[in-house]
Amino acid sequence: MGTVRGTVTVGAVVAAVLLMTGCAQEMDDAAPPEPTASRTPTHTSTPTPTPTATTPPIARALPDTVDAGTVSSGVSATASATGPSNVAFHTEGAFAVVIELDCSACTGTATVTAPGRMSPFGRATAPLKGSFLTAVMRDDAPDQTVIVDAQGPWSATMRSWNDIPSVSGAQSGTGPAVLFLSDDVPHVSVDFTPADADDSFSGRVFTTSDQPKIFGNTEAFAEQFDVDLPGVMAIQTNGTWTVTPVP
């Protein structure tokens with residue numbers, strides 16, 4: 001069994017830590033995941049796990065590791081490179097890590113993964129700017145290494161999920177994102193349009209009051225889900241989406 005860490009605070013960022021239990025599972029980004037468990041965020045009404053399925057890890061040799069430094073409360077770490085690279089960072093605190101990737105000068109497909117993973121944290125068609133959620137399990141080591149597999153120059157910022165800004169009301173976007181939904185409501189509505197026939201949507205919501213919620217589809221959909229917000233929502237897709245907290 002794994003354990004989820006973290007807590008999220010409505011409005012301002014707070015340093016409270018909530019522990020939640022659960023098991024972690026990997027899933028393919030082409031198919032929706034099944035519920036599992038992980039850490040939990042920290043703005044004061046909070047979020048919960050991480051899903052995934054089967055895609056082999058990147059096999060080709062990678063350049064030397066870029067040391068991004070330390071991620072802690074209020075402190076982010078940054079890294080940049082051209083082409084695929086390992087990125088190492090150290091965490092100080094009980095929180096999941098949001099990787100904000102700027103690959104706006106890249107081509108092909110950008111993938112964020114870790115050594116030994118059978119499926120990535122996320123991937124999307126470049127050029128892109130997107131966010132990915134990592135290190136959600138309580139027993140994840142403080143020293144982390146991720147792989148940014150991209151064609152072209154890129155930069156990445158790693159920060160605690162407690163430090164991402166809160167948003168309220170309907171949110172729309174294209175591609176991967178991590179949102180802290182601050183609305184105090186029991187449901188979230190998702191409207192999704194895939195980018196192409198191979199695209200899919202995966203949503204993971206972490207809250208302090210409930211088990212992690214994991215849902216998705218390989219086709220366009222508009223559906224409402226029972227989610228006790230506030231919480232942190234990680235979105236993995238190439239497509240276009242609108243997420244709306246609902247009373």
Which condition breaks for residue 192 when tested against (1) open to solvent by less than 10 Å² (accessible area, probe 1.4 Å); (2) under 16 Å from the mean Cα position of the chain (by Cα)? (2)
Return the pairs, sorted by first residue and then second, in which the second residue is open to solvent by less than 20 Å² (accessible area, probe 1.4 Å) and among the basic types (Lys, Arg), the first residue lies in region 194-206 and is touching a residue at least 60 places away in the same chain (Cβ under 8 Å), the beta carbons are less than 9 Å apart, and the residues are 6+ apart or on different chains. 206/39
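Looking at 172, 131, which one is polar (S, T, N, Q), open to solvent by 60 Å² or more (accessible area, probe 1.4 Å) and either touching a helix residue (DSSP H, G or I) at 6+ places or on another chain (Cβ under 9 Å) or assigned to a strand (DSSP E or B) (or both)?
Answer to the check: 172.
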Would you confirm, using the coordinates I've provided, whether residue 153 is in contact with a Ser or Thr (Cβ under 7 Å, 6 or more places away or on another chain) and at pLDDT 95 or above? yes
Of all residues in region 121-139 being within 20 Å of residue 77 (Cβ to Cβ), of a type outside the set (S, T, N, Q) and at pLDDT 90 or above, which is farthest from the chain's Cα centre (by Cα)? 129
What residue, of 65, 70, 111, is open to solvent by less than 50 Å² (accessible area, probe 1.4 Å), among the polar types (S, T, N, Q) and over 21 Å from residue 232 (Cβ atoms)? 111
Picked from region 78-100 (must be touching a Pro at 6+ places or on another chain (Cβ under 9 Å) and crowded, with 24+ Cβ neighbours inside 10 Å), the residue nearest to residue 237 (Cα to Cα) is 96
Residues that are under 25 Å from residue 224 (Cα atoms) and either buried (at least 20 other Cβ atoms within 10 Å of the Cβ) or touching a strand residue (DSSP E or B) at 6+ places or on another chain (Cβ under 6 Å) (or both), drawn from region 137-166: 161, 164, 166
Does region 175-201 hold any residues that are part of a strand (DSSP E or B), out of contact with any Pro (no Cβ under 6 Å at 6 or more places or on another chain) and under 16 Å from residue 98 (Cβ atoms), and which are they? 177, 178, 179, 180
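Report the residue count in region 213-240 for those that are open to solvent by 10 Å² or more (accessible area, probe 1.4 Å) and either closer than 27 Å to residue 125 by Cα or part of a strand (DSSP E or B) (or both).
Total satisfying the criteria: 17.
The values are calculated or read from the model by the stated rules, or taken from the named source; none is laboratory data. The shown structure was predicted, so the numbers you read here are calculated from the model rather than taken from an experiment. Cβ: placed from backbone, ideal geometry, glycine included. Neighbour counts: every protein chain shown. Please note that ligands, DNA and RNA were not included when accessible areas were found on the heavy atoms of the full protein model with its side chains. Shrake-Rupley method; radii C 1.70, N 1.55, O 1.52, S 1.80 Å.
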